[in-house]
Amino acid sequence: MAATAEWEPPVAPEAAPVAQPERKGTAPAPGPPAAINRKAENNQPDEIHYVNPFVHKLVWDDPIDKAKTALLTVILLPFRVVLILVCLVVAWALANIGLYGLSKEDLRTKPLVGWRRQLRHLTALVMRTLFLFGSFNYIRYKGVRASPKEAPVICVAPHTAFYDSVCVVLFGPSAVVAKYETASLPFFGKLIDYAQPIYVCREDPHSRQTTIREIIQRANSKEDWPQILIFPEGTCTNRTSLIKFKPGAFYPGVPIQPVLMRYPNKVDTVTWTWEGPNAIQLLWRTLTQFHTFCEIEFLPVYYPSEAEKANPKLYADNVRMLMAKALDIPISDYTFDDCKLMTFVKNVGMPHPAAIADIGKLRETLKIAATDRESKIVASERQFTDANSLLTYPQFAERMQLDVQQEAAHNLFHKLIRPETPDVIDFREYLLLALFLITLYKPKLIFVESLFHLYGVNGRVNRTQLYQTLQNLVRISQKELNSIFLQADPDNLGTIDYSQFVKAIERNPLLAKLQKNNDPNNLRLG
């Protein structure tokens, strides 16, 4: 969602249990929130696991608010849109002037000086005016912003929406850590370039190390570089918790200033999450507000201890705890990868995509993940039908060999409930998702073999069931599927088993696709 936390250097060894960091020139860090203490002491998952930070429901049931929105859509919205576009074009033009005659290497190795630097401040002022026309009339500040020399990196959380980019404008402007592809974006590419970002090229295996080196060089340079701004969560959340920080910004081991973002509005038209209103809806609702409240709080500069410099994950965890304490919200085990996992499940058409991360965590809590229990259930069942798959909670607990008194078991069941059938779940849906998790990062063929048992009878599938087996794994036309099925069923029995299917695709491009790993990083079907 934001391009400022898309990189992450090679993973360091697992962090030790989070300790309170040493400080230089700051007061001792406050202890973690109570929810964090409970988790650490009892080794039990905190309740935040069951509040999905990637879901936002924008309730709109106030008739007065609806009438106001309708009126302002006609009276105010057109003027705001025109003024915003004018500001964007003016800022883009100024950025082009400021970048004239500069190469990519110039931008990477030398900070802007003289008239180019002054023009960059003017460009930032124009962009601040853009936010002014977008209903951000007044932004409240708390604390004192540190200079780039004191804190070369600014760490902003929670990351809520694309509106958070106002920080880039207000802080100098600040440089961001961004994907190389963003430089080619219409209008915004030039504006990002003008802030002298640190670009990351995913295709370059050395890019991450280069990024670390550039941050260190800028931090230790005697020249006047802009501060580097990063959203360490890597994606937008609904602010119910702070999800795992990506450790990328913490690898250089330089001082960081934590910055908190708040949007204390009666109606939350800002939050942009994986599940909820889309960007156009949020823009419309925000631009039809008289005023959108925004607060930015600068916390004291965080000076890492030697232990944190040696362990970026520990550094990231301690900064996250400090920020969560200041926000008075818990930390969460959710990560940017969880968001990618939900996106993948949605894109391939599997059920309950918003619950997949929770299902994975609850399986681990209940110690199911280590037993391969679902694979054994699927392999032992002759056929799954409505009669043996529509289960109440006690039936589900018995089938999965779970204690009905366990809160995690109860939560797992409720992740699979549909509104139209509140008392039962379809066990087949759970098994499909569990088998997907079991075969994650393994060849898709392993998943296929299990699905022959889930959808078929005694591990044999007919033509329709074969389509069910493949639909969440690869793109396949009905014509291609018919051809494969006929080749696998030379005796015209009407059903095939897994070995017949594999033999039939030996010379088919489909085999290569199914030999690839079941990887949510790809986000789409192959």
Handout entry: So LYS222, is it modelled with pLDDT under 85, surrounded by fewer than 23 Cβ atoms within 10 Å (Cβ to Cβ) and within 23 Å of the chain's Cα centre (by Cα)
Key = no
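Under the condition of being of a type in the set (Ser, Thr, Tyr) and out of contact with any Ser or Thr (no Cβ under 6 Å at 6 or more places or on another chain), which residue from region 455-511 is surrounded by the most Cβ atoms within 10 Å (Cβ to Cβ)?
Of region 455-511, the ones of a type in the set (Ser, Thr, Tyr) are 455, 464, 467, 469, 477, 483, 495, 498-499.
Remaining after also requiring out of contact with any Ser or Thr (no Cβ under 6 Å at 6 or more places or on another chain): 464, 467, 469, 477, 483, 495, 498-499.
Details: THR464: 11, TYR467: 16, THR469: 22, SER477: 8, SER483: 13, THR495: 18, TYR498: 20, SER499: 12.
This residue is THR469.
Taking ALA379 as the residue in question, decide whether it is open to solvent by 50 Å² or more (accessible area, probe 1.4 Å), touching a residue at least 24 places away in the same chain (Cβ under 8 Å), assigned to a helix (DSSP H, G or I) and under 29 Å from PRO520 (Cα atoms).
Yes, satisfied.
Is it the case that region 353-370 has a residue that's closer than 30 Å to GLU295 by Cβ and surrounded by 15 or more Cβ atoms within 10 Å (Cβ to Cβ)? Outline the logic, then answer.
The initial filter retains those residues of region 353-370 that are closer than 30 Å to GLU295 by Cβ, namely 354, 357.
Next, only the ones that are surrounded by 15 or more Cβ atoms within 10 Å (Cβ to Cβ) stay: 354, 357.
So far as region 353-370 goes, yes, one or more of its residues are closer than 30 Å to GLU295 by Cβ and surrounded by 15 or more Cβ atoms within 10 Å (Cβ to Cβ).
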Practice task
Might you let me know whether region 177-199 holds any residue that is more than 30 Å from HIS56 (Cα to Cα), outside any loop (DSSP other than H, G, I, E, B), of a type in the set (D, E, K, R) and open to solvent by 30 Å² or more (accessible area, probe 1.4 Å)?
Solution key: yes
Practice task
Considering only residues that are of a type in the set (Ser, Thr, Tyr) and farther than 22 Å from GLN465 by Cα, look in region 353-392 and name the one that is nearest to the chain's Cα centre (by Cα).
Solution key: THR365
Completion exercise
ASP333: passes all of (1) open to solvent by less than 40 Å² (accessible area, probe 1.4 Å); (2) not in a helix (DSSP H, G or I) but (1)
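When region 126-142 is examined, which residues are found to be of a type outside the set (Lys, Arg) and loosely packed, with under 15 Cβ neighbours inside 10 Å?
First pass over region 126-142, keeping only residues of a type outside the set (Lys, Arg): 126-127, 129-139, 141.
Listed by number, the residues that qualify are ASN137, TYR138, TYR141.
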Practice task
Take LEU432 and decide whether it is in contact with a strand residue (DSSP E or B) (Cβ under 9 Å, 6 or more places away or on another chain), aliphatic (A, V, I, L, M) and crowded, with 22+ Cβ neighbours inside 10 Å.
Solution key: no
Practice task
Tell me which residues, restricted to region 193-208, are out of contact with any Phe, Trp or Tyr (no Cβ under 9 Å at 6 or more places or on another chain) and either at pLDDT below 85 or among the aliphatic types (A, V, I, L, M) (or both).
Solution key: ALA195, PRO205, HIS206
Handout entry: Criterion violated by HIS121 - all others in (1) over 26 Å from LYS325 (Cα atoms); (2) open to solvent by less than 10 Å² (accessible area, probe 1.4 Å); (3) outside any strand (DSSP E or B) satisfied
Key = (2)
Handout entry: Any hit, region 272-291, residues being in a helix (DSSP H, G or I), touching a residue at least 40 places away in the same chain (Cβ under 8 Å), buried (at least 17 other Cβ atoms within 10 Å of the Cβ) and among the small types (Gly, Ala, Ser)
Key = no
Problem - Test set (1) buried (at least 24 other Cβ atoms within 10 Å of the Cβ); (2) more than 30 Å from PRO353 (Cα to Cα); (3) at pLDDT 90 or above; (4) not charged (D, E, K, R) - PRO252 fails condition number - result: (3)
Handout entry: Residue in region 349-362 that is under 24 Å from HIS453 (Cα atoms), assigned to a loop (DSSP other than H, G, I, E, B), of a type in the set (A, V, I, L, M) and modelled with pLDDT under 95 present
Key = yes
Handout entry: Test: GLN468 is in a helix (DSSP H, G or I), out of contact with any Asp or Glu (no Cβ under 8 Å at 6 or more places or on another chain) and within 21 Å of PHE384 (Cβ to Cβ)
Key = yes
Exercise for the section: For region 236-273, name all the residues that are within 16 Å of LYS340 (Cα to Cα) and either out of contact with any Asp or Glu (no Cβ under 9 Å at 6 or more places or on another chain) or among the small types (Gly, Ala, Ser) (or both). Expected result: THR237, TRP272, THR273
Exercise for the section: Quick one: count up the residues across region 56-92 that are part of a helix (DSSP H, G or I) and either loosely packed, with under 14 Cβ neighbours inside 10 Å or charged (D, E, K, R) (or both). Expected result: 16
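With ASP423, ASP491 as the choices, which residue is over 28 Å from the mean Cα position of the chain (by Cα), assigned by the TED database to the domain that holds ALA397 and not in a helix (DSSP H, G or I)?
Numbers: ASP491 fails: assigned by the TED database to the domain that holds ALA397.
Result: ASP423 is the single residue among ASP423, ASP491 that is over 28 Å from the mean Cα position of the chain (by Cα), assigned by the TED database to the domain that holds ALA397 and not in a helix (DSSP H, G or I).
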Practice task
With respect to GLU308, determine if the residue is acidic (Asp, Glu), open to solvent by 30 Å² or more (accessible area, probe 1.4 Å) and either touching a Lys or Arg at 6+ places or on another chain (Cβ under 7 Å) or part of a helix (DSSP H, G or I) (or both).
Solution key: no
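The values are calculated or read from the model by the stated rules, or taken from the named source; none is laboratory data. Values in this document were obtained by computation on a predicted structure and should not be read as measured data. Glycine also receives a Cβ, built like all others from the backbone with ideal geometry; neighbour counts cover every protein chain displayed. Surface areas here come from the heavy atoms of the whole protein model, side chains and all, with no ligands, DNA or RNA. Shrake-Rupley method; radii C 1.70, N 1.55, O 1.52, S 1.80 Å.
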